[in-house]
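The values are calculated or read from the model by the stated rules, or taken from the named source; none is laboratory data. Fair warning: this is a prediction, and the values are worked out from it, not measured in the lab. Cβ sites come from the backbone with ideal geometry, for glycine too, and all protein chains shown count toward neighbours.
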Amino acid sequence: MTALAETPYIPAGGLTGKLRRLAARALAVTPLTIALDRPLISFTFDDFPKSAAGNGASILEEFGWRATYFAAAGFTGRTTHLGEMHDIGDLKDLKARGHEIACHTYAHDDLSQMSAAEALAGCAKNREYLSSQGVETKFETFAFPYGEAAPATKRALLGAYRALRGVRPGINRGRADRGLLKAVPLDGGEYGLGRALQAVADVKAEPGWLIFYGHDVRTGPSSWGCSPQFLETVCRACEGLDVRPMARALDVVEGKA
Ligand SMILES: [Zn+2]
């Protein structure tokens, strides 16, 4: 099964997968000191489906916020288990409205299964393709497909991006890993909504950088997505907080904003 198949690819599980993920987290840590006196929030959408560009952006914009969209151009113009995917017009439109367009490899590769050089090539292909289609952006940040990383790849990708995001839940604070930032999913129905709201309560109690990641935003979402009501409820919980796309949040963390 290729990563771009319409049915979802599931990365290897079992003990091997667990040990590999542990190594990816523990090794090649590039410290990013996050010392904030108030919470910082980022909403991100991966792959990404049209419903994230439509419903997702509309909801955030009602609150005056912008998101980060991790585009894998191999999905451009296609339909997957997440629904109809973005097209080039969506990317240009989001960019024009102030959202961040960021990199997620071209073919949505499981980067734990390839060399760092192959990972870099897949990312360059994504950026070059999108640039050739007139999507003008700096591609400042990156998200690992499936959250699957490897130590050498983390190091290599930080030569191309300011920060890399994974999918391990948690709030980034204190000494975080610039090469594998934690993120809380926007999925899982009622249970997932509780988890997202708990994360907001946690970041209010002890400031840090809370990054959310989602996929589709529609009524009857996939297992990787959420409903518009789910997203709205999380946004309401974040009202009054500093919400920015990842690159702009990084400016705050690094004292550049
Ligand atoms: Zn993805």
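Which one of these is farther than 18 Å from Ala249 by Cα and touching a Lys or Arg at 6+ places or on another chain (Cβ under 8 Å): Asp90, Asp47?
Residue meeting the stated conditions: Asp90.
Would you confirm whether or not the range 100-123 contains a residue that is closer than 30 Å to Glu239 by Cβ and of a type in the set (S, T, N, Q)?
no
A quick yes/no check of all residues on (1) in a helix (DSSP H, G or I); (2) hydrophobic (A, V, I, L, M, F, W, C); (3) within 16 Å of the ligand (Cβ to nearest atom):
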{"site": "Ala176", "(1), (2), (3)": "no, yes, no"}
{"site": "Gly179", "(1), (2), (3)": "no, no, no"}
{"site": "Gln198", "(1), (2), (3)": "yes, no, no"}
{"site": "Pro207", "(1), (2), (3)": "no, no, no"}
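Only one residue in Ala149, Ala71 is crowded, with 23+ Cβ neighbours inside 10 Å and over 30 Å from Gly220 (Cβ atoms), so which one is that?
After ruling out the rest, the residue left standing is Ala149.
Conditions (1) within 16 Å of the ligand (Cβ to nearest atom); (2) farther than 21 Å from Pro145 by Cα, marked per residue:
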site: Ala26; (1), (2): no, no
site: Leu32; (1), (2): no, yes
site: Thr44; (1), (2): yes, no
site: Pro49; (1), (2): yes, no
site: Ile59; (1), (2): no, yes
site: Phe63; (1), (2): no, yes
site: Arg66; (1), (2): no, yes
site: Phe70; (1), (2): yes, no
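Tell me, yes or no, whether the range 82-104 has at least one residue that is part of a loop (DSSP other than H, G, I, E, B), away from the ligand (no atom under 15 Å from the Cβ) and of a type in the set (D, E, K, R).
Yes, the range 82-104 has at least one match.
Could you tell me whether the range 201-218 includes any residue that is acidic (Asp, Glu) and buried (at least 24 other Cβ atoms within 10 Å of the Cβ)?
Checking the range 201-218: at least one residue is acidic (Asp, Glu) and buried (at least 24 other Cβ atoms within 10 Å of the Cβ).
Counting just the residues of the range 118-146 that are part of a loop (DSSP other than H, G, I, E, B) and within 16 Å of the ligand (Cβ to nearest atom), which one comes out surrounded by the most Cβ atoms within 10 Å (Cβ to Cβ)?
Taking the candidates together, the pick is Phe144.
For the range 242-257, which positions are surrounded by fewer than 19 Cβ atoms within 10 Å (Cβ to Cβ), closer than 21 Å to Arg97 by Cβ and at pLDDT 95 or above?
In the first step, residues of the range 242-257 are kept if they are surrounded by fewer than 19 Cβ atoms within 10 Å (Cβ to Cβ); the result is 242, 251-252, 254-257.
Cutting the leftovers down to closer than 21 Å to Arg97 by Cβ gives us 242, 251-252, 257.
Asp242, Asp251, Val252, listed by residue number.
Scan the range 105-117 for residues that are in a loop (DSSP other than H, G, I, E, B), over 21 Å from Lys138 (Cα atoms) and either more than 11 Å from the ligand (Cβ to nearest atom) or in contact with a strand residue (DSSP E or B) (Cβ under 7 Å, 6 or more places away or on another chain) (or both) and jot them down.
If the condition is that a residue be in a loop (DSSP other than H, G, I, E, B), over 21 Å from Lys138 (Cα atoms) and either more than 11 Å from the ligand (Cβ to nearest atom) or in contact with a strand residue (DSSP E or B) (Cβ under 7 Å, 6 or more places away or on another chain) (or both), then Met114, Ser115 are the ones that fit.
If the requirement is being in contact (Cβ under 8 Å) with a residue 60 or more places away in the chain, among the charged types (D, E, K, R) and within 16 Å of the ligand (Cβ to nearest atom), which of these qualifies: Asp187, Asp216?
Asp216
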